[in-house]
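Structure first, commentary second.
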Amino acid sequence: MRYIGVQSMGSFVVQHDVALARLSTLELGGSARYFAEITDEVALFEALTWAQVQGVAVALIAGGSNVIVPDEGFDGLVMHMATRGERVDLSDHLQDKVRVTVAAGEVWDDFVARCVARGWAGIECLSGIPGSVGATPIQNVGAYGQEVSQRITELRVWSPSEQIIKQIDASACEFAYRDSALKRGVLAGCIVLSVTFELTRDGAPTVRYAELAQALAARGLSEPTLADVRALVISLRQSKSMVIREDDPNRRSVGSFFTNPIVSPEKAAQVSMRALSRGLATTERPMPQWLAAQEQVKLSAAWLIERAGCARGERVGSMGLSSKHTLAIVHHGGGSTAELLAFASTVVSRVSDAWGIELDREPVLLRAL
Ligand SMILES: Cc1cc2nc3c(=O)[nH]c(=O)nc-3n(C[C@H](O)[C@H](O)[C@H](O)COP(=O)(O)OP(=O)(O)OC[C@H]3O[C@@H](n4cnc5c(N)ncnc54)[C@H](O)[C@@H]3O)c2cc1C
């Protein structure tokens, strides 16, 4: 076992009335009554004990890129996950694999960049995604043909209901499309302390996503390196405002606001027929759909939104759809979470009226563990 980096032992400090908008990529929401920066596990347990003694609720935020902070803020202790550290296992029995255990508060894209630089394959297509390592298993982060569930072997979590730290095998996480048992199943409320990934040493990049394959081909990259794929994924993401940049007018968002609907084959056929009958799809350019797990069908939320009459860049007050694609809702500044949720509701209603499909929200409301 070789160790890279150490976790410093910090101390736990409670702050009062801390604005949470600065921690949310939407830049929305009220304040935390109490707030603590969690830089190591000692601070985490001190904070949990403090909250228990005070009798206040506890919530957790990390990169704030998939969370919606209510306007009223949080009447309890908000812990900001900022733990650091990484442990690398290059044992012989792993052969061409490497196991990396990463502290929950590490920045996800910094970790991806380090893996790509070391020639470790398996998460290169997940380049450019904001947020922390510890949040990636919550909704099984995925993009461009890879999902973290394909590389996570185990997690170390704090279970508040059992009051213990435990190792959880990836199979217990019930990973699915943008979902896991940590998000709304038996493990909901657990605090992820670290995540272990198994990556392939000197591995080839994954090129299974059509848009990525076409972009590589267009650049004449027939045998791309991990670095080529990382660079291209970031550039594709930038063209859709899916990388946060200060100078991007679409930057205040949580990325995709809605998940792609997973429906029965019968429902998909019904929606497809409706699209054909309205002239919104043809046999040559059919409605996009893909096979999903358990013989279900995945539809494109963006396609359905656009063809429900919602346009890119459409705006109501300080909220709008991204000018690059209709899946992201953008806060243009000076708005409120109430306005965001009202705007999202109108999109959901328009899709429901047009297609009989109820869109699900991807980001979660900040709430007590
Ligand atoms: C521009 C942009 C592009 C994006 N692109 C993608 C994409 O391509 N694919 C994708 O899947 N997602 C994408 N996202 C969503 C988001 O980046 C991911 O979901 C990310 O993993 C969230 O991490 P975070 O640290 O910001 O979590 P936060 O927003 O801070 O938290 C999200 C939820 O996870 C919980 N949580 C956070 N850390 C922990 C922990 N250690 N233990 C337990 N619970 C925890 C929080 O309590 C909250 O409920 C995008 C977001 C943006 C803004």
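The values are calculated or read from the model by the stated rules, or taken from the named source; none is laboratory data. If you're wondering where the values come from, they're calculated on a predicted model, not measured in any experiment. Ideal geometry is used to build each Cβ from the backbone, glycine not excepted, and the neighbour counts take in all protein chains shown. What goes into the accessible areas is simple: the full protein's heavy atoms, side chains included, and nothing from ligands, DNA or RNA. Shrake-Rupley method; radii C 1.70, N 1.55, O 1.52, S 1.80 Å.
Brief remarks follow.
- Residue within the stretch 138-150 that is among the polar types (S, T, N, Q), farther than 24 Å from Pro224 by Cα, within 8 Å of the ligand (Cβ to nearest atom) and open to solvent by less than 10 Å² (accessible area, probe 1.4 Å) present: yes
- Residues that are among the hydrophobic types (A, V, I, L, M, F, W, C) and either more than 15 Å from the ligand (Cβ to nearest atom) or in contact with a strand residue (DSSP E or B) (Cβ under 9 Å, 6 or more places away or on another chain) (or both) within the stretch 199-228 comprise Leu199, Ala204, Val207, Ala210, Ala213, Ala215, Leu216, Ala217, Ala218, Leu221, Leu226, Ala227, listed in sequence order.
- Test: residue in the stretch 114-126 that is within 14 Å of the ligand (Cβ to nearest atom), surrounded by fewer than 24 Cβ atoms within 10 Å (Cβ to Cβ) and not in a strand (DSSP E or B): no
- Within the stretch 47-92, the set of residues being of a type in the set (Val, Ile, Thr) and not in a helix (DSSP H, G or I) comprises Val56, Val58, Ile61, Val67, Ile68, Val69, Val78, Thr83, Val88.
- Val207 vs. criteria open to solvent by less than 20 Å² (accessible area, probe 1.4 Å), in contact (Cβ under 8 Å) with a residue 24 or more places away in the chain and touching a helix residue (DSSP H, G or I) at 6+ places or on another chain (Cβ under 8 Å): no
- Residues being open to solvent by 10 Å² or more (accessible area, probe 1.4 Å), more than 9 Å from the ligand (Cβ to nearest atom) and either small (Gly, Ala, Ser) or within 17 Å of Arg367 (Cα to Cα) (or both) - total across the stretch 34-72: 10
- Number of residues in the stretch 73-99 that are open to solvent by 70 Å² or more (accessible area, probe 1.4 Å) and either touching a His at 6+ places or on another chain (Cβ under 6 Å) or not acidic (Asp, Glu) (or both): the value is 5.
- Taking the listed residues Leu236, Leu212, the one that is under 17 Å from Asp109 (Cα atoms), touching a helix residue (DSSP H, G or I) at 6+ places or on another chain (Cβ under 9 Å) and outside any loop (DSSP other than H, G, I, E, B) is Leu236, with no other qualifying.
- Condition met for Ala217 (among the small types (Gly, Ala, Ser), free of Cβ contacts under 8 Å to residues at least 12 places away in the same chain and open to solvent by 50 Å² or more (accessible area, probe 1.4 Å)): yes
- Of all residues in the stretch 248-295, those satisfying the criterion of being over 22 Å from the mean Cα position of the chain (by Cα), on the phi < 0 side of the Ramachandran plot, part of a loop (DSSP other than H, G, I, E, B) and surrounded by fewer than 20 Cβ atoms within 10 Å (Cβ to Cβ) are Ser264, Arg278, Leu280, Ala281, Thr282, Thr283, Glu284, Arg285, Pro286, Pro288.
- Cβ-Cβ distances below 8 Å connect the following pairs, each with a first residue in the stretch 147-158 that is aromatic (Phe, Trp, Tyr), a second residue that is not in a helix (DSSP H, G or I), and a separation of six or more residues or different chains: Trp158/Ile164; Trp158/Ile165; Trp158/Cys190; Trp158/Ile191; Trp158/Leu193.
- Test: Ser171 is open to solvent by 30 Å² or more (accessible area, probe 1.4 Å), over 22 Å from Glu86 (Cβ atoms), away from the ligand (no atom under 16 Å from the Cβ) and under 21 Å from the mean Cα position of the chain (by Cα): yes
- Residue ID - most open to solvent (accessible area, probe 1.4 Å), chosen from residues in the stretch 326-337 that are under 14 Å from Glu362 (Cβ atoms) and touching a residue at least 40 places away in the same chain (Cβ under 8 Å): Leu327
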